[in-house]
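Since the structure comes first, as structure tokens, the remarks are kept for the end.
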Amino acid sequence: MIPPFGMGLWDSLVGNEVKKFIKRKDSDAGEAGRALEELRGSIYNDLRTSEGAKRQQQRFCGPVVAMSFNFIVSVGIILANKLIMGRVGFKFPIFLTLIHYVTAWLLLAIFKSLSILPVAPPSRTTPFTSLFSLGAVMAFASGLANTSLKHNSVGFYQMAKIAVTPTIVFTEFILFRKTISFNKVLALAVVSAGVAVATVTDLEFNLFGALIAIAWIVPSAVNKILWSNLQQQGNWTALALMWKTTPVTIFFLLALMPWLDPPGVLLFKWDFSNSTAILTSAVLGFLLQWSGALALGATSATSHVVLGQFKTCVILLGGYLIFNSDPGFVSICGAVAALCGMSVYTSLNLKKPQDSTSKQLPKQSLPTSKPKATDGESVETEVEDTATVV
């Protein structure tokens, strides 16, 4: 028992300890709050400059994240578009693409009003003609892809997709003198042949559909090259580039609609269920465009096509293993061969930067009396590719 004369001393000691504890907690909470505020301020400031926004995109959306994001959204929009074109009976592919891009532009406008849309680089760094060209090419690539899918058999549509790969390689050589190794050419040839064997089961010929498919190949290839080049050569982020080019794409889709869509869009049954399905497809279209832009910015146009072919093979083999579908022995062998080619292609892309790093390490460890100038090596990391953007 504490004596009466010690009560005051005891209360004083306890009170001091409690005050110290509370001050320490307040100090810890204040430091945590300041750290959180500094982090938030740093991210906000990064979004205010094109260089900072580009660093944030590279930090949080590397090749693996971007490819995985694009792959998941691609599967979702395939199911959504099958529902809309089939069960819902919406037979207006250009107008559906237009809905996708209008929805994307409205979402980007909301981002901009909330000050979370990354800042674009200064206009002097990227000519308006480059942005205008990308917007126009994107309209043709996306609109013609959906129109081709409507008027062609699945086999003919897949053949057109396979032709995009050599078109990209040829176009990059013409525009940028970019070459790829012989081993990569062999790997891409195996991938294309495997996908052809796995998916091209019916080649029903339709003159109008064939013309649409042929007209789609070049815009699709150029679209991917421009998306990849503008992000990698400049300080463009995916969202900032979408904000600048989407109005141009909408304009050209409006011009294409009377020529490629059948009449009667206003007579369509716009009830709640049909409108909800189309709106869901539009949101997925925005996510697909964003994820595709992220993937193209993180890798290359050729790799983006390979990712699309990987998606095709995974869907085919997944249906066989999970849902007991029977695509046939030849199709399964083609899909397996394509996956093997993709594995070789990916390993070649990963091996190049590793070899470059191993060559540079000994040079850093050796002391030198004079700084010697060395020729810079450009290291390109290609990992993936997908077909259309909407």
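Go over the candidates Ala193, Ala163 one by one and state the one that is more than 22 Å from Leu294 (Cβ to Cβ), modelled with pLDDT under 90, open to solvent by 20 Å² or more (accessible area, probe 1.4 Å) and over 23 Å from the mean Cα position of the chain (by Cα).
Result of the check over Ala193, Ala163: Ala193.
Given the conditions (1) open to solvent by 20 Å² or more (accessible area, probe 1.4 Å); (2) part of a helix (DSSP H, G or I); (3) of a type outside the set (Gly, Ala, Ser); (4) at pLDDT below 95, report the number of the one that Ile77 does not fulfil.
Just one mismatch for Ile77, condition (1).
Mind listing whichever residues of the stretch 317-344 are of a type outside the set (S, T, N, Q) and in a loop (DSSP other than H, G, I, E, B)?
Phe323, Asp326, Pro327, Gly328
Being within 22 Å of Trp216 (Cα to Cα) and in a loop (DSSP other than H, G, I, E, B) is the filter here, so list the residues in the stretch 264-307 that pass it.
Within the stretch 264-307, Ser300 is the sole residue that qualifies.
Considering Thr302, Thr237, Thr246, Thr276, which residue is crowded, with 21+ Cβ neighbours inside 10 Å, out of contact with any strand residue (DSSP E or B) (no Cβ under 8 Å at 6 or more places or on another chain) and at pLDDT 90 or above?
On inspection, the qualifying residue turns out to be Thr246.
Could you tell me whether any residue of the stretch 213-232 is modelled with pLDDT under 90, outside any helix (DSSP H, G or I), out of contact with any strand residue (DSSP E or B) (no Cβ under 7 Å at 6 or more places or on another chain) and under 30 Å from Ala136 (Cα atoms)?
no
As an exercise: evaluate Phe176 against (1) more than 28 Å from Leu317 (Cα to Cα); (2) surrounded by 14 or more Cβ atoms within 10 Å (Cβ to Cβ) and give the number of the one condition it does not meet.
It fails just one condition, (2).
Counting only residues that are at pLDDT 80 or above and aromatic (Phe, Trp, Tyr), which one in the stretch 310-350 is most open to solvent (accessible area, probe 1.4 Å)?
Phe329
Considering each residue of the stretch 89-125, count those that are over 12 Å from Ala240 (Cα atoms), of a type in the set (Val, Ile, Thr) and at pLDDT below 85, and give that number.
Within the stretch 89-125, residues that are over 12 Å from Ala240 (Cα atoms), of a type in the set (Val, Ile, Thr) and at pLDDT below 85 number 1.
In the stretch 249-273, how many are open to solvent by less than 60 Å² (accessible area, probe 1.4 Å) and closer than 30 Å to Gln57 by Cβ?
Total satisfying the criteria: 4.
Kindly indicate the residue of the stretch 283-299 that is modelled with pLDDT of 85 or more and out of contact with any Phe, Trp or Tyr (no Cβ under 9 Å at 6 or more places or on another chain) and also most open to solvent (accessible area, probe 1.4 Å) among those meeting that condition.
Filtering the stretch 283-299 for residues that are modelled with pLDDT of 85 or more and out of contact with any Phe, Trp or Tyr (no Cβ under 9 Å at 6 or more places or on another chain), the one most open to solvent (accessible area, probe 1.4 Å) comes out as Val283.
The values are calculated or read from the model by the stated rules, or taken from the named source; none is laboratory data. Quick caveat, the model's predicted, so the values are computed rather than measured. All Cβ positions, glycine included, derive from the backbone under ideal geometry; neighbour counts span all protein chains shown. Only protein heavy atoms, including side chains, enter the accessible area calculation; ligands, DNA and RNA are left aside. Shrake-Rupley method; radii C 1.70, N 1.55, O 1.52, S 1.80 Å.
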